[in-house]
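**Q** Quick one: the structure is below, questions incoming.
The values are calculated or read from the model by the stated rules, or taken from the named source; none is laboratory data. Computed from a prediction, not measured in an experiment: that's the story for all the values here. Here Cβ is always computed from backbone atoms with ideal geometry, including for glycine, and neighbour counts include all displayed protein chains.
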Amino acid sequence: MKRIAFCHLESLTCLPALNRLFETHGDRIGLVLVSRRFDTNHGGFFAQLTASVRKSGVGMTFWLGFDLISAQVVAGPVGKAARLLFCLGRRPALETLPALARRHGAVIIETGDINAPATLDRLRAYAPDALLVMNFDQILKPAAIAVPRLGALNIHPSLLPALRGPCPVFWALVEGRPRSGATLHRIEDAKIDAGAILRQAEQPIDRRQSVAEINTRLFLAGAGAVGDALDDLAAGRPGRPPGPGQYRGFPSSAEAAAARRAGVRLCHVWFAVRLIAATLGIGRGPQAAHRN
């Protein structure tokens, strides 16, 4: 397999997995499709903010927004200026998506709709062997799924078919699950997290950790299994049917409040600071654990 197109929504907690992915497969990733989360196709920033607060409350909305916006800030001019000050020419422990793409020669395309004709034209022009999706907020339709020669693959932070949907780690903690993991599955149609399962990496759940910490660890495990899953695609292995599963969407504000009272934490401040510091060259970052 020579050519991989990668779909991603920038996220602070996904940075360690992103670095691991480019470390092992960056020479094959030539096209990166980045979701414009606050594009007007999604309702615009204030419309999304209002809808999220009404649905899930202020706390959940603040964390979700911080996870996305902080990743963009450290990748932007402020982050670049801080790296000039702290790194002194060294590579930071965690590189941002633009830096990784630039170092590996990948082209970044921002899109508010991966299924739009202009985006599909760019994807077809690249002619990927595989399409790899990680933490992407757009649903691929048949025209996009049909582009990669060998198929499309998604990394999902749960042991599918359990906990399909956008925040599986939150629900794993709410339900008191002792174990979860990462699943690499085929994207076969527009059904969310429902394609044939190729690989899974099981992980214990430590209830002392926050959603952010566990999310980072599960995406790291998923990134580590990408090579085997790509081999499965190349060999034409169909994978196993996932079964009907269970879809859990974003929590209501009442469910988020109940989880908080039960001890579920979305993110510890020190963990977010650690991730940000690693992008600025003043810390190692959680991704160092996968090398031990």
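Residue-by-condition table, conditions (1) within 16 Å of the chain's Cα centre (by Cα); (2) surrounded by 20 or more Cβ atoms within 10 Å (Cβ to Cβ); (3) modelled with pLDDT of 95 or more:
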| site | (1), (2), (3) |
| --- | --- |
| 70 | yes, yes, yes |
| 77 | no, no, no |
| 84 | no, no, no |
| 90 | no, no, no |
| 104 | no, no, yes |
| 117 | no, no, yes |
| 120 | no, no, yes |
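**Q** Report yes if residue 59 is within 22 Å of residue 271 (Cα to Cα), surrounded by fewer than 18 Cβ atoms within 10 Å (Cβ to Cβ) and in contact (Cβ under 8 Å) with a residue 12 or more places away in the chain, otherwise no. Break it down stepwise before answering.
**A** Working: within 22 Å of residue 271 (Cα to Cα): yes; surrounded by fewer than 18 Cβ atoms within 10 Å (Cβ to Cβ): yes; in contact (Cβ under 8 Å) with a residue 12 or more places away in the chain: yes.
When the stated conditions are applied, residue 59 passes them.
**Q** Any idea which residue in region 122-152 is surrounded by the fewest Cβ atoms within 10 Å (Cβ to Cβ), counting only those that are assigned to a loop (DSSP other than H, G, I, E, B) and among the β-branched types (Val, Ile, Thr)?
**A** 139
**Q** Still on this model: Just one of the numbered conditions (1) surrounded by 13 or more Cβ atoms within 10 Å (Cβ to Cβ); (2) in a helix (DSSP H, G or I) is not true of residue 265; which one?
**A** (2)
**Q** Let me ask you something else. Just checking, does region 160-183 include any residue being aromatic (Phe, Trp, Tyr), over 30 Å from residue 208 (Cβ atoms) and outside any loop (DSSP other than H, G, I, E, B)?
**A** No: zero hits.
**Q** Out of the residues in region 269-292 that are in a loop (DSSP other than H, G, I, E, B) and surrounded by 15 or more Cβ atoms within 10 Å (Cβ to Cβ), which is modelled with the lowest pLDDT?
**A** Result: 285.
**Q** So if I check each of 229, 262, 225, which one is among the hydrophobic types (A, V, I, L, M, F, W, C), more than 16 Å from residue 95 (Cβ to Cβ) and out of contact with any Lys or Arg (no Cβ under 9 Å at 6 or more places or on another chain)?
**A** So the residue among 229, 262, 225 that is among the hydrophobic types (A, V, I, L, M, F, W, C), more than 16 Å from residue 95 (Cβ to Cβ) and out of contact with any Lys or Arg (no Cβ under 9 Å at 6 or more places or on another chain) is 262.
**Q** In addition: Residue under question is residue 65, and the condition is that it be of a type outside the set (Val, Ile, Thr), outside any helix (DSSP H, G or I), surrounded by fewer than 21 Cβ atoms within 10 Å (Cβ to Cβ) and at pLDDT 90 or above; does it hold?
**A** Values: of a type outside the set (Val, Ile, Thr): yes; outside any helix (DSSP H, G or I): no; surrounded by fewer than 21 Cβ atoms within 10 Å (Cβ to Cβ): yes; at pLDDT 90 or above: yes.
Here the answer is no, as residue 65 does not meet what is asked.
**Q** So which residues in region 220-256 are at positive phi and either in contact with a strand residue (DSSP E or B) (Cβ under 6 Å, 6 or more places away or on another chain) or polar (S, T, N, Q) (or both)?
**A** Result: 239, 245.
**Q** Which of (1) among the β-branched types (Val, Ile, Thr); (2) within 25 Å of residue 55 (Cβ to Cβ); (3) exposed (fewer than 13 other Cβ atoms within 10 Å of the Cβ) is the odd one out, the single condition residue 192 does not satisfy?
**A** Among (1) among the β-branched types (Val, Ile, Thr); (2) within 25 Å of residue 55 (Cβ to Cβ); (3) exposed (fewer than 13 other Cβ atoms within 10 Å of the Cβ), the lone unmet condition for residue 192 is (3).
**Q** Same structure, new question: For residue 172, which of the numbered conditions (1) buried (at least 19 other Cβ atoms within 10 Å of the Cβ); (2) at pLDDT below 95; (3) hydrophobic (A, V, I, L, M, F, W, C) fails to hold?
**A** Only one criterion is unmet by residue 172, namely (2).
**Q** Quick one: residue 183 ticks every box in (1) in contact (Cβ under 8 Å) with a residue 60 or more places away in the chain; (2) crowded, with 17+ Cβ neighbours inside 10 Å; (3) out of contact with any Pro (no Cβ under 6 Å at 6 or more places or on another chain) except a single one, so which number is it?
**A** In the conditions (1) in contact (Cβ under 8 Å) with a residue 60 or more places away in the chain; (2) crowded, with 17+ Cβ neighbours inside 10 Å; (3) out of contact with any Pro (no Cβ under 6 Å at 6 or more places or on another chain), residue 183 misses (1) alone.
**Q** I'm told residue 215 meets every condition in (1) modelled with pLDDT of 95 or more; (2) under 20 Å from residue 140 (Cβ atoms) except one. Can you identify the failing condition by its number?
**A** (2)
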